[in-house]
Amino acid sequence: MIPKGVPMISKRASEFTSFIVMDVMAKAEELERKGEHIIHLEVGEPDFPTPKVITETAIAALQSDKTRYTHALGLLELRQAICDYYLKEYGVTITPDQVMISTGTSPVLLFAMLAIIDHGDEVIVSNPRYPCYQNFILAAGAKIKEIQTYPEEGFQYRHKDIQKKLTRRTRGIIINSPCNPTGIVMTPDQLKDIALFDGQYIISDEIYHGLVYKDRAHSILEFTERAFVINGFSKLYAMTGWRLGYLIFPKKFSAVMQRIHQNFMISANAFIQWAGIAALTQARDDVAGMVKTYDERRRYMIDRLKDMGFMIHVEPTGAFYVFADGRKFFKDSYKEAFRITEEAKVGVTPGIDFGSGGEGFLRFSYATSLENIKEGLSRLEKYLKKKNNH
Ligand code: PMP
């Protein structure tokens, strides 16, 4: 028996926030168990199978016993393939000692924070933003400094708003382009502007790179070397369940990143790293096919949502999300998301999940078939018409 009065959960752990979208999904599943048919537009996960060439490479790697630990930073061959990829895509030169492979981008976000943050430090995040960021920062002992961003400006930071919040303790600024939840892609000028902050590290979450439907995404590394790039295979290669991601960091962090990974992970899965090489070098056509399909769905979804009366302030041209302003219809996105799930039988993510700056918005994912999107949006339209008539 643990004596009374002994705290059982650390203060830090009790402060970790949860994904509200999980609660919506739980509600949707509860309804499905009762026999209801739900269309899932809340899920942020590709609906495509992993390209065959990747799966076959993993099987071949398993069959040839690639089942041991690898170098703590990851297989040299995969790290080299990532360097080649960044050179080809962005024209930036990095070397394998600046790359660390891990089991998804989520862990590398934590490890990046451990490498740059001390207790009491601060990291700048936007509001709204991907909800996990704050918890990685908290886990590493630091605090978030939120910067309000505005829909009419594509939810981008205003340089002077960051400047006002900088203190001696500000260690990093997180950016995410293409962005979850907004689907917005930062322009080279916007990236250049962030790179001007030279007293902090820029932590650039580039996990949606490649899923871009107009122009192209630029890496922060084109504008500064003072950056930690977070990237991975989950989204572009439809590999969420494989758990494979990587971190690119300034050279002077090489030894410390190796030490961090040795201690906390030892290494990423060996045979999955071999599959990662196939993804980077042999899955180009598969990816092009997925991108084309996402784009068709994107255009359809944007048009339908606008027709229904949602405001889409800046066209989302990346990732697989539309962040739609529904303030005309409702104020409380949390309550509304549940109501839509229960009454219209469509799962959607409430904007409040991404911070107070997302209130009044809903995030719609087009990582599902066009048929589902059509049906889901028709249900939503009917629901909104009924709601407006009351
Ligand atoms: N960053 C962003 C913005 C994401 O949306 C996600 C996945 N939802 C991740 C990081 C984490 O991805 P993973 O751990 O699957 O690589």
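The values are calculated or read from the model by the stated rules, or taken from the named source; none is laboratory data. Source: prediction; values computed, not measured. FYI the Cβ positions are ideal-geometry reconstructions off the backbone, even for glycines, and counts take in every protein chain you see. Just so you know, the surface numbers come from the protein's heavy atoms only, side chains and all, with ligands and any DNA or RNA stripped out. Shrake-Rupley method; radii C 1.70, N 1.55, O 1.52, S 1.80 Å.
Based solely on its DSSP helices, what 222 nm [θ] is calculated for the chain when runs of n ≥ 4 H residues each add -39,500 (n - 2.57) and the sum is averaged over all residues, nearest 500 deg cm²/dmol? Calculated at 222 nm, the ellipticity per residue is -12500 deg cm²/dmol. Strictly greater than 40 Å: what percent of every Cα pair in the chain meets that? Within the chain, distances greater than 40 Å cover 16 percent of Cα pairs. Here the calculated FRET efficiency for residue 150 and residue 12, from their Cβ-Cβ distance with R0 = 45 Å, stands at 0.90, rounded to the nearest 0.05.
Per residue, the range 89-231 exposes an accessible area of 35 Å² to a 1.4 Å probe, with every protein chain left in place.
With both residues required to sit in the range 52-283, DSSP beta bridges show an antiparallel share near 30%. Dipole magnitude for the chain: computed about the Cα centre from +1 point charges on Lys and Arg Cβ and -1 point charges on Asp and Glu Cβ, it is near 780 debye. Applying 0.36 nm per residue to the separation of residue 334 and residue 89 and subtracting their alpha-carbon distance, the gain on full extension is 84.3 nm. Annotation: extensible slack from residue 165 through residue 303 equals 45.9 nm (criterion: 0.36 nm per residue apart, minus Cα-Cα distance).
Computed from the C-beta positions of residue 375 and residue 281, the FRET efficiency with R₀ = 41 Å rounds to 0.60. Once the chain from residue 114 to residue 48 is taken as fully extended at 0.36 nm per residue, the excess over their C-alpha distance is 20.4 nm.
A crude spin-label estimate for the pair residue 196 and residue 252, with each label 7 Å from Cα along the Cβ direction, gives 2.4 nm.
With R₀ fixed at 51 Å, the C-beta to C-beta distance from residue 386 to residue 59 puts the FRET efficiency at about 0.50. With a/c under 1.5 counting as rounded, go ahead and sort the range 52-283 into rounded, prolate or oblate using the C-alpha gyration tensor (a ≥ b ≥ c being the square roots of the eigenvalues; past the cut-off, prolate if a/b is larger than b/c, else oblate). The shape class here is prolate.
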